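What follows is one structure encoded as C-alpha cells, with my remarks underneath.
Each reported figure results from applying straightforward, stated rules to the coordinates on display, with no laboratory input. The shown structure was predicted, so the numbers you read here are calculated from the model rather than taken from an experiment. Cβ atoms come from the backbone with ideal geometry, glycine included; neighbour counts cover every protein chain shown.
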C-alpha cells in the first residue's frame, strides 16, 4: 500500500470515529419529550398527565439487576418525598431487556418495590419505546423535565449525583441542584453529566 492509500485509509477511519463520537454526545437537553402511559407496579397505568399540577418531573431510568442502580433506590425515595410536595414528582422506569435479565421482569419489579418500600411510580417499559424517546443510555440515567408552553422540556440529563457508593460523601447532587434551580426560576448550571451504570441493551 502506498503513502496516499495509507493517508486515505487513515482519513476514512478518523472520520468514522469522529462521527461515532459526535453521535455519542448528541444531547436531548432543551428538547421536548412525549408523554407516555406505562404499567406501574401497583397494576395501574401511569402517565405525566396524571399529575396535572406538576411543574416538572424527575424521571429516572433504572432496573433491578444493575449493581449501580441498586445503590440509589433509597435516594430516589428521599427525592420523591421532598420534591413531590413541591410539584416535582419522581418517576422511575425500567426499560432493560427482560429476555437477558429475568430479574427485571414485571413480577420481579413488584417484589423490588415492596422490599424497598418504594414511594414513587416504578414503571415497566417492556417495548423500550419510552427509553428510546428519552435517549436513555444507562441504569440509572436521570432526567429533569420542566413544563414550558404545555410541553415537557429536558433541562438536565445524566448522573443522579457524583458518588453512587457513599451517599454521605456526595458533593454534587446533580438532579437536586437542577430541580432547586428550576424551582427558584433560575437556569440549570450543569445541564448534562455522563450517566454511570449498566448499559441499556435495546432489542432490534
Review point. Taking the Cα atoms only, what angle lies between the long axis of helix 73-83 and the longest principal axis of the chain, rounded to 10 degrees?
Key: 60 degrees
Practice item. Rounded to the nearest 0.05, what FRET efficiency do residue 169 and residue 119 give with R0 = 25 Å and r taken as the Cβ-Cβ distance? Could you check? Key: 0.55
Exercise for review: Averaging sequence separations of C-alpha pairs under 8 Å and six or more residues apart, then dividing by the length of the chain, give the relative contact order as a whole percent.
Suggested key: 24 percent
Revision key, fill the gap. Candidates for Rg and Dmax of the Cα atoms in Å are (i) 17.0, 54; (ii) 18.8, 69; (iii) 16.8, 59, and the calculated one carries label (ii)
Check your understanding: Which distance in nm do the two modelled labels at residue 42 and residue 99 give, with both placed 7 Å along the Cα-to-Cβ direction?
Key -> 3.3 nm
**Study point:** On Cα atoms only, tilt of 3-24 relative to the major axis of the chain in degrees
**Key:** 10 degrees
Point to revise | DSSP beta bridges in region 28-199 [antiparallel fraction, %, rounded to 5] | key: 70 percent
Review point. What is the packing order of peptides 90-99, 131-140, 190-199, taking the mean over residues of other C-beta atoms within 10 Å and listing the highest first?
Key: 90-99, 131-140, 190-199
Exercise for review: At 0.36 nm per residue, minus the direct Cα-Cα distance, what do residue 148 and residue 186 gain on full extension? Give it in nm, one decimal, please.
Suggested key: 12.3 nm
Exercise for review: Order by neighbour count: 83, 156, fewest other Cβ atoms within 10 Å first, most last.
Suggested key: 83, 156
Revision key, fill the gap. Least to most buried among 172, 75, by other C-beta atoms within 10 Å and fewest first, runs 172, 75
Point to revise | With Cα atoms, 0 to 90° folded angle of helix 174-183 axis to the chain main axis | key: 60 degrees
Practice item. Would you give the gap between the C-alpha center of region 158-192 and the C-alpha center of region 84-110, rounded to a whole Å? Key: 21 Å
Practice item. Using the number of other C-beta atoms within 10 angstrom as an exposure proxy, rank 62, 105 with the fewest first. Key: 105, 62
Review point. Which residue, 56, 87, 43, has the most motion in a Gaussian network model of the chain that connects Cα atoms within less than 10 Å?
Key: 43
